Structure formats: C-alpha cells, structure tokens
Amino acid sequence: MKRGTTIYLYELAWILPSIALPVGMLVALAVTAFGAGIHLPSEVGRVNPLHVAATPPFDAPGVKQIAPGQYEVGMLAQIWSFTPGEIRVPAGSTVHFWVTSKDVVHGLFIPHANVNVMVLPGQIAHVEARFDRPGEYPMLCHEYCGIAHHTMAGKVIVEPRS
Ligand code: CUA
C-alpha cells in the first residue's frame with residue numbers, strides 16, 4: 001500500500017469514532033430524555049425568596065400525608081439547617097419533597113435514597129423518593145454554604161409498619 005493511503009486510513013480510523021461518539025451520546029440523551037422520560041431533578045417553579053416564608057407550602061414547612069403511603073414535605077433550607085429537620089414516615093412510603101432556600105445555595109442529599117438536588121433561592125426543587133427499609137436516613141447539605149456548612153443536616157426516620 002502507498003504511504004499516502006496508509007496515513008489516510010489512520011486518519012479515517014481516528015476521525016470516524018470521534019464523530020460517532022458524540023453522535024451516539026446525543027442519540028442516547030434524546031432517547032432517555034424524550035423516549036424514556038428521564039430527567040434531572042429540576043426546577044419546577046419559582047418563588048420570591050424575600051416572601052418565601054409567606055408562600056405555601058413554605059409558610060408551614062412540614063410533612064403532610066396526601067394519600068395512603070404518599071407524603072408531601074414542604075421544606076426550607078437556610079444557613080445552616082433544614083426545616084423540618086426531622087421527617088417521620090412509615091416504611092414503604094413515597095415522599096415528595098418540595099424544597100427551596102431562604103438565603104444562599106444549598107443542597108439536599110439523602111444517601112441510599114434517590115435524592116440529590118441543588119436547592120437554590122428563588123427556585124423550588126421537586127424530588128421524590130420511596131423509603132422501603134426502616135431506619136434513619138441522613139439529609140445532608142452538599143453545596144458549600146458557609147462556615148457551618150458541615151453541620152447542616154437533618155434526618156428522615158422510616159418507622160417499621162405496625
Ligand atoms: Cu447548606 Cu451547605
């Protein structure tokens with residue numbers, strides 16, 4: 001084979017995968033987003049952070065049963081705590097979290113539950129998780145939010161079904 005042709009084939013062997021990879025990723029992204037309906041935990045609504053304490057459900061943060069086995073939590077994050085700081089639900093419950101921040105950027109991360117969301121002032125984050133196993137699940141702030149960020153935590157207590 002001529003030297004020129006060999007170089008051309010080498011170039012082709014590099015160029016084709018470098019085109020195929022991003023195209024494949026875009027296709028996978030489109031299929032999961034539009035076909036399977038898989039999205040990032042997202043901003044669902046907006047709220048004026050100055051009036052958040054007067055805006056439902058954040059005017060009375062807490063746990064509310066909305067259906068059998070279904071609970072809704074209106075939650076406020078602020079330096080350096082979550083309100084409510086403790087959530088009690090029976091095992092097998094699905095908890096719908098509606099979370100916003102009163103001040104700076106926080107995060108809500110619950111290990112071993114599918115909860116990992118940024119909590120931004122002015123935006124309401126919605127995420128839901130099912131708690132099947134009884135026990136204590138820590139709720140952690142995982143966005144650096146100031147000097148006592150490491151102390152910002154709460155817990156979900158999942159009680160065994162009686
Ligand atoms: Cu709130 Cu870190």
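The values are calculated or read from the model by the stated rules, or taken from the named source; none is laboratory data. Since we're looking at a predicted model, the values are computed, not measured. Positions of Cβ are generated from backbone atoms using ideal geometry, with glycine treated the same way; all protein chains shown enter the neighbour counts. Each accessible area value is taken on the protein alone, full model and side chains, heavy atoms only, with ligands, DNA and RNA left out. Shrake-Rupley method; radii C 1.70, N 1.55, O 1.52, S 1.80 Å.
For the stretch 141-156: of the residues being in contact with a strand residue (DSSP E or B) (Cβ under 9 Å, 6 or more places away or on another chain) and of a type in the set (Gly, Ala, Ser), which is farthest from Val104 (Cα to Cα)?
Residue satisfying both the conditions and the ranking: Gly154.
Could you list, in sequence order, the residues of the stretch 36-79 that are outside any loop (DSSP other than H, G, I, E, B), more than 19 Å from Gly107 (Cα to Cα) and either at pLDDT below 90 or in contact with a helix residue (DSSP H, G or I) (Cβ under 8 Å, 6 or more places away or on another chain) (or both)?
Ala54 - this is the single residue of the stretch 36-79 that is outside any loop (DSSP other than H, G, I, E, B), more than 19 Å from Gly107 (Cα to Cα) and either at pLDDT below 90 or in contact with a helix residue (DSSP H, G or I) (Cβ under 8 Å, 6 or more places away or on another chain) (or both).
Which pairs have Cβ atoms under 6 Å, sit 6 or more apart or on different chains, and link a residue in the stretch 142-162 that is over 18 Å from Lys102 (Cα atoms) to one that is open to solvent by 100 Å² or more (accessible area, probe 1.4 Å) and away from the ligand (no atom under 15 Å from the Cβ)?
Lys155/Glu136; Ile157/Arg88; Ile157/Glu136
Considering only residues that are among the polar types (S, T, N, Q) and either within 11 Å of the ligand (Cβ to nearest atom) or in a loop (DSSP other than H, G, I, E, B) (or both), which ones fall in the stretch 113-162? Working first, answer last.
First, pick out the residues of the stretch 113-162 that are among the polar types (S, T, N, Q): 114, 116, 123, 151, 162.
Correct list: Asn114, Thr151, Ser162.
Val105 - would you say it is at pLDDT 95 or above and open to solvent by less than 10 Å² (accessible area, probe 1.4 Å)? Spell out the reasoning first.
Numbers: at pLDDT 95 or above: yes; open to solvent by less than 10 Å² (accessible area, probe 1.4 Å): no.
Against the criterion (at pLDDT 95 or above and open to solvent by less than 10 Å² (accessible area, probe 1.4 Å)), Val105 does not qualify.
Of Ser93, Ser81, which residue is within 22 Å of Met152 (Cβ to Cβ), hydroxyl-bearing (Ser, Thr, Tyr) and open to solvent by less than 60 Å² (accessible area, probe 1.4 Å)? Full working, then the answer.
Details: Ser93 fails: within 22 Å of Met152 (Cβ to Cβ).
Ser81 is the lone residue from the list that is within 22 Å of Met152 (Cβ to Cβ), hydroxyl-bearing (Ser, Thr, Tyr) and open to solvent by less than 60 Å² (accessible area, probe 1.4 Å).
Yes or no: Ile157 surrounded by fewer than 17 Cβ atoms within 10 Å (Cβ to Cβ), among the aliphatic types (A, V, I, L, M) and modelled with pLDDT of 95 or more?
Yes, satisfied.
For every residue, the table says whether it meets (1) within 16 Å of the ligand (Cβ to nearest atom); (2) assigned by TED's automatic domain parsing to the domain that holds Leu120; (3) out of contact with any His (no Cβ under 6 Å at 6 or more places or on another chain).
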{"position": "Tyr10", "(1), (2), (3)": "no, no, yes"}
{"position": "Pro22", "(1), (2), (3)": "no, no, yes"}
{"position": "Gln70", "(1), (2), (3)": "no, yes, yes"}
{"position": "Ile79", "(1), (2), (3)": "yes, yes, yes"}
{"position": "Glu86", "(1), (2), (3)": "no, yes, yes"}
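Condition first: closer than 21 Å to Ala153 by Cα and open to solvent by less than 50 Å² (accessible area, probe 1.4 Å). Now tell me which residues in the stretch 58-71 satisfy that.
Correct list: Phe58, Pro61, Gly62, Tyr71.
Inside the stretch 83-96, can you point out the residues that are closer than 12 Å to Phe58 by Cβ and assigned to a strand (DSSP E or B)?
Thr83
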